[in-house]
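Right, one structure below, let's go through it.
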Amino acid sequence: MKAAFSRPSTNAGGRNARPRKYVGGLLPAMCDFLIELDVAARGYTSLDDLFADFPQITEGVSTLTVKTGVSEQKTIRPAYERIHRFYLVDKKRQDYPRSQPYATGKWADYRHWLNSMVGFSKSQLEWLRDQTIEFVLAELPEAKFDLSSVEANPPVFSLLLKHFEFRVRSQEQTGAAYQAFVFAFIRADAPHLQVEGRKARTGSARMAGVGDVDAWEGDRLVISAEVKHFKVAETDLDGLEFFVSEVQQRQALGFLVGEDFHDGVREKAKAKGLKPLSKDDLITIVDMWDPLKQRAAINAFHWVIAHKEQSTPLITRFKAFLDTIPDLIAAEGIVADHE
């Protein structure tokens, strides 16, 4: 077995073929196959003796298959599948071949092994199986992945959306935190665009913009967002004429972002060509982001509140929130992703 497993064999043309590593699973599977047939004490001297009691099935199959009853049969394949999974999954031997049908289809090349093995006792078959497995595990390197070598990254932006208090606090501009998180969302989700954010409660038209947050490719408006830090009602759509007109003329994506929407408002916003997004909608999207994208968004949020809003109370609250992230991770049972 060692020669077949570790050294090239010679094919019909006299050339060296690749080592047959699959025999490291085929031999233990043969042992289990015979043990499960309970043939150890029957005094067989050859495989033909076994076939006299358990007729071989050859039609439609390439693997070792025998009849065990009038309408019952047994194949070596389940035993091979078990050892195949043991090597690859349980013991992480990634160099072990994944060709289960090919391996079991080659059983007849080792018929001489079976001619001897049918006369073994159960304890001998178990010893041979265990020694073969031990040999394979020693020959093949374990594919280890050292988790300590990578940095764990919690889903920080998801946690911000779910747990940060975006409602107005004293000495903070109305809607500043919510508008900052929309800026951060677009900035992280569209890094190929130049994203502009304006200070909350500053009219976008007066600042030569279209929405509260605009994303550009050169001078082409690609995304524009109007941000409402409340549950949007139908009457709130009346003040969006300029925004709707500009978005339509520029063929841009127009986001209407609210904390939520009253019944029927989503449909009416869509009829105007807008894409309504609630806080829950954004959480659903961000939950699918990788940790680097989450980190980019949290950095964008920090940047906009520090350099656009320049709100000391909001910055202080945000930094205090960052200190709570370990507790939030523990409370939610989050397993941090790795880069």
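Some notes on this structure:
- The residues in segment 207-238 that are farther than 21 Å from LYS279 by Cβ and part of a helix (DSSP H, G or I) can be counted, and the count is 1.
- Qualifying residue in segment 260-272 (condition: under 37 Å from the mean Cα position of the chain (by Cα) and closer than 24 Å to VAL156 by Cα): yes
- Considered as a group, the residues in segment 63-98 that are loosely packed, with under 14 Cβ neighbours inside 10 Å and of a type in the set (Gly, Ala, Ser) include one that is nearest to ASP48 (Cα to Cα), and that residue is GLY69.
- Once segment 16-59 is narrowed to residues that are basic (Lys, Arg) and surrounded by 19 or more Cβ atoms within 10 Å (Cβ to Cβ), the residue that is nearest to ARG93 (Cα to Cα) is LYS21.
- Listed by first and then second residue, the pairs with beta-carbon distance under 6 Å, at least 6 apart or on different chains, first residue in segment 191-209 and modelled with pLDDT of 50 or more, second among the aliphatic types (A, V, I, L, M), are LEU193/ALA215; LEU193/VAL222; VAL195/ILE186; VAL195/ALA215; GLY197/VAL213; GLY197/VAL304; ARG198/MET207; ALA200/ALA176.
- Filter result for ASP214 (modelled with pLDDT under 95 and under 18 Å from ALA190 (Cβ atoms)): no
- Selected residue (only one of LYS122, LYS106, LYS92 is more than 15 Å from ASP32 (Cβ to Cβ), assigned by TED's automatic domain parsing to the domain that holds SER62 and more than 30 Å from the chain's Cα centre (by Cα)): LYS106
- Cβ-Cβ under 9 Å pairs, at least 6 apart or on other chains, segment 52-70 side assigned by TED's automatic domain parsing to the domain that holds ARG111, far side assigned to a helix (DSSP H, G or I) and among the charged types (D, E, K, R): THR63/ARG77; LEU64/ARG77; THR65/ARG77; VAL66/ASP53
- Residue satisfying condition, being assigned to a helix (DSSP H, G or I), outside the structural domain of PHE54 (by TED's automatic domain parsing) and either farther than 30 Å from ILE329 by Cα or modelled with pLDDT under 95 (or both), within set GLN171, GLN179: GLN179
The values are calculated or read from the model by the stated rules, or taken from the named source; none is laboratory data. A quick note: this is a predicted structure, and the numbers were derived from the prediction, not measured. Note that each Cβ is placed from the backbone with ideal geometry, even for glycine, and that neighbours are counted across all protein chains shown.
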